[in-house]
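Here is the structure we will look at.
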Amino acid sequence: MFRLDGHVALVTGAGQSVGAGTARVLAAQGATVAVNDLVAARAEATVKEIEQAGGQAFAVPFDVLDRDAVLSAAATVRERAGKPIDILVNNAGIHSDMVARQFRELDPKLWRGPIELNIFGSINCVHATLEDMIAAGWGRIIQISSGAGRVGLNIGVAVYGAGKGGIESFIRHISQEVARNGITANSLALGLMNNTANGDQKVTGHLARQVPVGRLGTPEDIGAAVAFLASEEASWITGQTININGGATTS
Ligand SMILES: NC(=O)c1ccc[n+]([C@@H]2O[C@H](COP(=O)([O-])OP(=O)(O)OC[C@H]3O[C@@H](n4cnc5c(N)ncnc54)[C@H](O)[C@@H]3O)[C@@H](O)[C@H]2O)c1
């Protein structure tokens, strides 16, 4: 079950952490993975890991905010993989301008980055891949979101949360528009991952201690959920946002 042989996945922001883990799991399930990142060396490093594990991958460095670059990368993937992208994982979502700060203290210059990356970065990728999925009569769109898009948190992530909430809404609408084309579109609302908690104990330390299952998320936890949503077996799941957070919030 949940094999992805013959499919071509694009994972954005896959040069490290969640995206890299997701790319590794999709490749282990048999997909050919186009590994995107803004930083080419990171994308290449993930490709190397996948190849060393016996999987198929190649790097496609580009900025998801550059619509022309996204379109041209989709064409490059079509050519290199011999078929178009049919699994899109919109993972790039942490903008370099993102700081954890109470909204009243946040410089207005820092408002746009997290919102634009999460909304327009993902919209650009959906735009560049949707027609190919429709032509194939099969596709999977998986949006990596965050609990911050679903619940209010007092940890200084209001504009980031606005970006996540906005893109989750877009994904729900897309799911309805293409449901008869064999395409599903879902979001995963992640809880606290091990890379973030290690990076900023002051902001997230108390949240980390409260995760009911007693540990933080790993990239492979997310990769497993993405592989499931990407699989044939998940074809009746669409338009959903699924919490994946060790029980930190329930629904
Ligand atoms: N880490 C967490 O605790 C956590 C929690 C909830 C949700 N998330 C979500 O998970 C996803 C991955 O988070 P992460 O912690 O692995 O991030 P990260 O910052 O460790 O890695 C993200 C990668 O995306 C790349 N990137 C940034 N901007 C890009 C752009 N414009 N185009 C292409 N690539 C770009 C970066 O170079 C980086 O390699 C994000 O959508 C984030 O919002 C993370």
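The values are calculated or read from the model by the stated rules, or taken from the named source; none is laboratory data. The structure presented is a predicted model; accordingly, all values stated were derived computationally and were not measured. Every residue, glycine among them, receives a Cβ derived from its backbone with ideal geometry; neighbour counts consider all protein chains shown. The accessibility values were calculated without ligands, DNA or RNA, using every heavy atom of the protein model including side chains. Shrake-Rupley method; radii C 1.70, N 1.55, O 1.52, S 1.80 Å.
Take A45 and tell me if it is of a type in the set (G, A, S) and open to solvent by 60 Å² or more (accessible area, probe 1.4 Å). Criteria not met by A45. Applying the criterion of being of a type in the set (D, E, K, R) and in contact (Cβ under 8 Å) with a residue 12 or more places away in the chain to the residues of the stretch 152-180, the residue that is nearest to L117 (Cα to Cα) is K164.
Within the stretch 106-136, being in a helix (DSSP H, G or I), charged (D, E, K, R) and under 18 Å from Y160 (Cα atoms) holds for K109, R112, E116.
Taking each residue of the stretch 181-192 that is on the phi > 0 side of the Ramachandran plot and looking for partners that are open to solvent by 10 Å² or more (accessible area, probe 1.4 Å) and of a type outside the set (K, R) with beta-carbon atoms closer than 7 Å, six or more apart or interchain, yields G182/G137; G182/W138. The set of residues from the stretch 26-37 being surrounded by fewer than 24 Cβ atoms within 10 Å (Cβ to Cβ) and either among the β-branched types (V, I, T) or out of contact with any Phe, Trp or Tyr (no Cβ under 7 Å at 6 or more places or on another chain) (or both) comprises A28, G30. Against the definition (more than 23 Å from T250 (Cβ to Cβ), small (G, A, S) and either surrounded by fewer than 19 Cβ atoms within 10 Å (Cβ to Cβ) or within 11 Å of the ligand (Cβ to nearest atom) (or both)), how does G163 come out, yes or no? Taking the combined requirement at face value, the residue satisfies it. Would a scan of the stretch 96-104 turn up a residue that is touching a Pro at 6+ places or on another chain (Cβ under 9 Å) and not in a helix (DSSP H, G or I)? Checking the stretch 96-104: at least one residue is touching a Pro at 6+ places or on another chain (Cβ under 9 Å) and not in a helix (DSSP H, G or I).
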